[in-house]
């Protein structure tokens with residue numbers, strides 16, 4: 001899989017919604033990073049063997065660059081969508097989502113991923129295509145301390161809104177007086193009444209935008225942000241995720257030559273705590289090209305997060321199921337993530353890959369994970 | 001911060017009958033509202049069955065103004081929506097506005113909404 005020494009890895013999160021939208025590394029690392037798509041796992045290019053169940057984004061595009069020295073453009077691309085979060089849910093409050101039943105958990109965590117990767121060599125190019133699916137029947141719950149903080153935030157946002165209302169109150173009274181006069185003049189003519197209301201809305205909007213630029217309001221906003229900058233909506237407790245997928249290989253990139261190459265299914269179970277998380281993965285991967293490498297894997301990962309960094313250790317054991325297959329193998333790796341600044345992570349993976357005696361079995365990777373998503377949708381004007 | 005979402009609608013009321021207002025912040029986001037009626041502050045924070053007007057008060061052509069600040073907390077979606085439910089008028093009615101999408105956790109938008117009683 002990943003055998004090159006000091007092979008740089010870039011995980012660019014070019015999401016329509018950010019994959020790593022958070023303020024502080026500790027809680028953010030725990031809860032908000034979208035894990036490697038199952039399709040990447042099937043293609044054998046995922047950054048980690050033991051991926052945690054995690055929070056899906058409604059639409060995410062991941063790009064991996066496995067070239068040495070960052071000398072070429074990324075060729076491994078995964079698109080992952082969460083059907084549930086692609087549509088609006090006006091009646092879903094955060095309180096209603098704090099505890100999930102099995103059906104709602106499956107709906108809110110289910111993702112479909114598509115990935116392509118270049119798996120061959122320059123002389124024998126092979127394009128890999130994969131489709132993956134995952135869902136978590138159990139996805140933890142929002143802990144009581146976070147619930148309390150979210151309620152405080154709601155109250156605080158109400159106070160902020162009151163500051164805004166107070167600052168515009170006098171001028172709004174004038175606008176309302178004019179509106180009342182215009183409505184009275186319009187009588188029962190619904191079109192004229194609507195026009196009068198629209199004029200009022202436009203004028204009130206301009207007033208609100210002006211007041212929002214005032215120092216008094218900005219102080220109120222800054223005060224709220226200072227209090228809640230580190231608030232992340234992490235779920236804790238028992239998590240259980242199911243994933244499956246299939247991969248095709250197309251030698252030479254020719255569509256007619258594409259054939260089923262690998263398929264797999266896995267179960268991930270674990271416990272998410274405030275700073276410590278533990279996860280176990282049981283995975284079966286099979287190849288239709290050469291079944292001698294059909295394997296059942298068991299992996300474990302322990303993760304500790306604190307402040308701006310996260311440290312984890314993972315071990316996995318692989319047993320081949322076919323007669324005449326290689327003997328059992330194991331892999332050990334340590335992973336370090338450090339947030340240099342908001343949205344920019346340095347990641348390192350070090351350890352020993354499965355074939356310990358083979359050249360390149362030493363895992364040593366350092367790379368960057370960058371969140372490049374910005375504000376993407378402007379609210380239409382009145 | 002994004003520009004505010006600006007909305008106004010009519011809500012038909014019955015003569016001399018008060019109404020109530022409830023506000024729901026959707027899409028798993030967090031928000032708080034300040035409500036004023038006829039220029040007078042009525043409440044702030046989470047709003048549930050807030051009485052507007054008193055028995056015997058004619059609400060016609062008066063308005064209730066709501067400023068709702070929504071902050072993105074949902075890591076899975078940046079969509080926002082606010083539903084204002086008015087009850088006690090000619091018929092109970094939900095007004096749902098969902099015009100803003102927030103790109104990052106911590107981003108915020110103000111929904112600036114008025115209901116004129118007719």
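The values are calculated or read from the model by the stated rules, or taken from the named source; none is laboratory data. Worth saying up front: this structure is predicted, and the values here are computed from it rather than measured. Please note: Cβ atoms are built from the backbone with ideal geometry, for glycine as well, and neighbour counts cover all protein chains shown.
Test residue A:365 against the stated conditions and say whether it is within 14 Å of chain B (Cβ to nearest Cβ) and either surrounded by fewer than 18 Cβ atoms within 10 Å (Cβ to Cβ) or at pLDDT below 75 (or both). So residue A:365 does not fit the description; no. Does residue B:111 fit the bill of being surrounded by fewer than 23 Cβ atoms within 10 Å (Cβ to Cβ), more than 7 Å from every other protein chain (Cβ to nearest Cβ) and within 11 Å of the chain's Cα centre (by Cα)? For residue B:111, the condition - surrounded by fewer than 23 Cβ atoms within 10 Å (Cβ to Cβ), more than 7 Å from every other protein chain (Cβ to nearest Cβ) and within 11 Å of the chain's Cα centre (by Cα) - is not met. Scanning the stretch B:20-34 for residues that are farther than 25 Å from residue A:149 by Cβ and crowded, with 24+ Cβ neighbours inside 10 Å yields a total of 1. Taken over the stretch B:80-108, the criterion of being facing another protein chain (nearest Cβ under 7 Å) and within 18 Å of residue A:87 (Cα to Cα) is satisfied by B:81, B:83, B:96, B:98, B:99, B:100, B:101, B:103, B:104. Taking the criterion of being out of contact with any strand residue (DSSP E or B) (no Cβ under 6 Å at 6 or more places or on another chain) and closer than 16 Å to residue A:334 by Cα, the only residue of the stretch A:277-305 that qualifies is A:305. In this structure, residue B:5 does not qualify as within 20 Å of residue A:91 (Cβ to Cβ) and either in contact with a helix residue (DSSP H, G or I) (Cβ under 8 Å, 6 or more places away or on another chain) or modelled with pLDDT under 95 (or both). Residue B:77 - would you say it is over 16 Å from residue B:1 (Cβ atoms), more than 7 Å from chain A (Cβ to nearest Cβ) and touching a helix residue (DSSP H, G or I) at 6+ places or on another chain (Cβ under 8 Å)? Spelling it out, it is not the case that residue B:77 is over 16 Å from residue B:1 (Cβ atoms), more than 7 Å from chain A (Cβ to nearest Cβ) and touching a helix residue (DSSP H, G or I) at 6+ places or on another chain (Cβ under 8 Å). For the stretch A:237-274, taking the residues that are part of a loop (DSSP other than H, G, I, E, B) and more than 19 Å from the chain's Cα centre (by Cα), the one that is surrounded by the most Cβ atoms within 10 Å (Cβ to Cβ) is identified as A:258.
Over 20 Å from residue B:6 (Cβ atoms) and in contact with a helix residue (DSSP H, G or I) (Cβ under 9 Å, 6 or more places away or on another chain): does that describe residue B:46? When the stated conditions are applied, residue B:46 passes them. In a residue-by-residue description of the stretch A:69-82, the property of being at pLDDT 85 or above, within 14 Å of chain B (Cβ to nearest Cβ), crowded, with 18+ Cβ neighbours inside 10 Å and part of a strand (DSSP E or B) applies to at least one position.
Just to be sure before I move on: is residue A:147 closer than 30 Å to residue A:212 by Cα and surrounded by fewer than 18 Cβ atoms within 10 Å (Cβ to Cβ) in the structure I sent? Yes; evaluated as a whole, the condition is true for this residue. Counting only residues that are under 23 Å from residue A:98 (Cβ atoms) and out of contact with any helix residue (DSSP H, G or I) (no Cβ under 6 Å at 6 or more places or on another chain), the stretch B:61-70 holds 2 of them.
Filtered by the rule that a residue be away from every other protein chain (no Cβ under 14 Å) and in contact with a strand residue (DSSP E or B) (Cβ under 8 Å, 6 or more places away or on another chain), the stretch B:47-64 gives B:49, B:51, B:52, B:53. In the stretch B:33-44 there is no residue that is facing chain A (nearest Cβ under 8 Å), in a loop (DSSP other than H, G, I, E, B) and on the phi < 0 side of the Ramachandran plot. Looking only at the stretch A:300-313, decide whether some residue is touching a residue at least 60 places away in the same chain (Cβ under 8 Å), surrounded by fewer than 15 Cβ atoms within 10 Å (Cβ to Cβ) and not in a loop (DSSP other than H, G, I, E, B). Yes, some residue in the stretch A:300-313 is touching a residue at least 60 places away in the same chain (Cβ under 8 Å), surrounded by fewer than 15 Cβ atoms within 10 Å (Cβ to Cβ) and not in a loop (DSSP other than H, G, I, E, B). Of the candidates A:117, A:135, the single residue that is more than 10 Å from every other protein chain (Cβ to nearest Cβ), closer than 17 Å to residue A:240 by Cα, crowded, with 21+ Cβ neighbours inside 10 Å and touching a helix residue (DSSP H, G or I) at 6+ places or on another chain (Cβ under 9 Å) is A:135.
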